[in-house]
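S.K.: Handing you a structure now.
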Amino acid sequence: MSHTTGGAERDKGPHYRLDQHCRHPGLDSDIRFYDTDWNPLPTENYFTKPGWKEWLTESGSKNEADVTMQVPFMLASYRIDPSTSTLTLTNNLDKLLDKALYDDISSDLMPSLTYEWTGKAFKAKK
């Protein structure tokens, strides 16, 4: 497991910590937020973890029941780019699933999702 920490300007706004988990063949991540004294803050105030609706492409939305039956959870790594204030979630299911299964459903899933820091929270980039 590795940690990446950062945040807004020193002593202003929340700080974050990214946790990279290697319990699977591919990375799976989590993000947590802290005040300037590193006391935990409610993550949902700063970032809402995407559900299947956000990960599905247009074709995936039409096949949601089939996709979620074959893949009961998403495996994604998180990366923050401080220069652009963006958080990128990368789909890592190709590292977990059988190649034939992943090839069958890959067009139904977004390869990544990007969120922008608004100064108060990470919001999905349009």
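S.K.: Can you return the lysines within cross-link range of residue 95? Criterion is Cα-Cα under 28 Å, with same-chain partners fewer than 8 residues away left out.
M.R.: Within the straight-line cut-off, residue 95 pairs with 49, 53, 62, 123, 125, 126.
S.K.: Further question on the same structure: With a point put 7 Å past each Cα toward its Cβ, work out how far residue 45 is from residue 85 in nm, to one decimal.
M.R.: 1.9 nm
S.K.: Report the local net charge at residue 55: Lys and Arg +1, Asp and Glu -1, summed over other residues whose C-beta lies under 11 Å from its C-beta.
M.R.: Numbers: positive: 49, 53; negative: 54, 64, 108.
Computed value for this residue: -1.
S.K.: Please list, ordered by chain and number, the residues whose modelled amide H lies under 5 Å from the amide H of residue 109; skip anything fewer than 5 residues away on the same chain.
M.R.: The answer is 57.
S.K.: Can you give the local net charge around residue 101? Use residues other than it whose beta-carbon is closer than 15 angstrom to its beta-carbon, Lys and Arg +1, Asp and Glu -1.
M.R.: Numbers: positive: 95, 99; negative: 66, 94, 98, 103, 104, 108.
Once positives and negatives cancel, what remains is -4.
S.K.: Using the Karplus curve 6.51 cos²θ - 1.76 cosθ + 1.60 with θ = phi - 60°, work out ³J(HN,Hα) for each residue of the stretch 51-59 in order, rounded to whole Hz, and write x for Gly and Pro.
M.R.: Taking θ as phi minus 60°, the curve returns x, 4, 3, 6, 7, 7, 6, 4, 5 Hz for the stretch 51-59.
S.K.: Calculate, for residue 69 and residue 103, the FRET efficiency according to 1/(1 + (r/R0)^6) with r their C-beta to C-beta distance and R0 22 Å; round to the nearest 0.05. Could you put the intermediate results ahead of the total?
M.R.: Numbers: r = 17 Å, r/R0 = 0.77.
Result of the calculation: an efficiency of 0.85.
S.K.: What does the net charge come to around residue 38 if you take all other residues with beta carbon closer than 11 Å to its beta carbon, with K and R at +1 and D and E at -1? The partial results should precede the final answer.
M.R.: Details: positive: 17, 32; negative: 35, 37.
Within the 11 Å Cβ shell, the charges total 0.
S.K.: What's the ranking of 88-95, 40-47 by average number of surrounding C-beta atoms within 10 Å, highest first?
M.R.: Working: 88-95: 17.6, 40-47: 13.2.
Ranked by mean Cβ neighbours within 10 Å, highest first: 88-95, 40-47.
We did not get these values from a lab; they are worked out from the coordinates using the rules stated. What you are looking at is a predicted structure, and each value in this text was computed from that prediction instead of being measured. Glycine gets a Cβ as well: all are built from the backbone with ideal geometry, and neighbour counts include every protein chain shown.
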